[in-house]
1. Could you say which residue among LYS118, LYS98, LYS155 is basic (Lys, Arg) and in contact (Cβ under 8 Å) with a residue 40 or more places away in the chain?
2. For region 214-230, which residues satisfy the criterion of being within 19 Å of GLY33 (Cα to Cα) and without any contact (Cβ under 8 Å) to a residue 40 or more places away in the chain?
3. Every residue in region 88-102 that is at pLDDT below 85 and closer than 19 Å to PHE47 by Cα, please.
4. If I go through region 197-237 residue by residue, how many of them are of a type in the set (Ser, Thr, Tyr) and either in contact with a Cys (Cβ under 7 Å, 6 or more places away or on another chain) or surrounded by 14 or more Cβ atoms within 10 Å (Cβ to Cβ) (or both)?
Amino acid sequence: MSGNKNSAAANEALQPHPNGMLLEVDEAPKRPGKWIILAIQHVLAMFVACITVPMIVFASTTVNLNGVEANLAAVMIAPTLFSAGIGTIFYLVVTKFKSPMFLASSFAYMAAMSEAIKIDAAAGQVNLWILPVGMALVGAVYCLVAFLIKIFGVKWLNKLLPAIVVGPVIIVIGLSLAGSAISNLTAGWTGKNYNWCAIISGLVAMLVTALCAHYGKGTVSLVPFVLGMASGYVVAS
């Protein structure tokens, strides 16, 4: 009897809400194992954004540090992680910890940031001040939009930015990252072209992630990235 009750409780916990979500924003996982695996997925997603964005934006930029030429991509990873952490703490305090979200780097601004740091580049200067100023202005716009949503609701925003507008923007962001993704996928860690181990591992990880996200049930549908990355590592090993 107790086994049947536990099974029924587990199945009930995995049933989606009427809106299709397995976990609401203010709802916490009931099992420690689900807590841990969801936290791991969030950390992995955060690291991908906070490391990939500065590596792509500052890939070909060097800076003089105490007389030593250093690639700015490696230098900017630590400030990016620190800024993401501070932003996340501020966000959690403002939302009273009701939304378990980690704010990482946004891929949407990579093109703008890449062009911004080229200003004065001909004179041998890296214009880094333009980035925090630009991001501060973006944050001001975010606050303004949030204030308008609080007053007027969200319907006006859905009319201003329907799916037919937002969709192509997301596609463009993905296409802008395709070159870097394909380069890493084909070369792997060897730096050579067409490393078959890297290609097969990447394709397996992509397929497992897509299948788990689309066809997965319960916990599987919540952690497709963890399962995809794990499968890629298994194949690579």
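1. Numbers: LYS118 fails: in contact (Cβ under 8 Å) with a residue 40 or more places away in the chain; LYS155 fails: in contact (Cβ under 8 Å) with a residue 40 or more places away in the chain.
Result of the check over LYS118, LYS98, LYS155: LYS98.
2. Within region 214-230, the subset within 19 Å of GLY33 (Cα to Cα) is 216-230.
Within region 214-230, GLY216, VAL220, PRO224, LEU227, GLY228, ALA230 meet the criteria.
3. If the condition is that a residue be at pLDDT below 85 and closer than 19 Å to PHE47 by Cα, then PRO100, MET101, PHE102 are the ones that fit.
4. Applying the first criterion (of a type in the set (Ser, Thr, Tyr)) to region 197-237 yields 201, 209, 215, 219, 221, 231, 233, 237.
Going one step further and asking which of them are either in contact with a Cys (Cβ under 7 Å, 6 or more places away or on another chain) or surrounded by 14 or more Cβ atoms within 10 Å (Cβ to Cβ) (or both), we end up with 201, 209, 219, 221, 231.
Number satisfying all stated conditions: 5.
The values are calculated or read from the model by the stated rules, or taken from the named source; none is laboratory data. Everything quoted here is computed from the prediction, not taken from an experiment. As a convention, Cβ positions derive from the backbone with ideal geometry for all residues, glycine included, and neighbour counts pool all protein chains shown.
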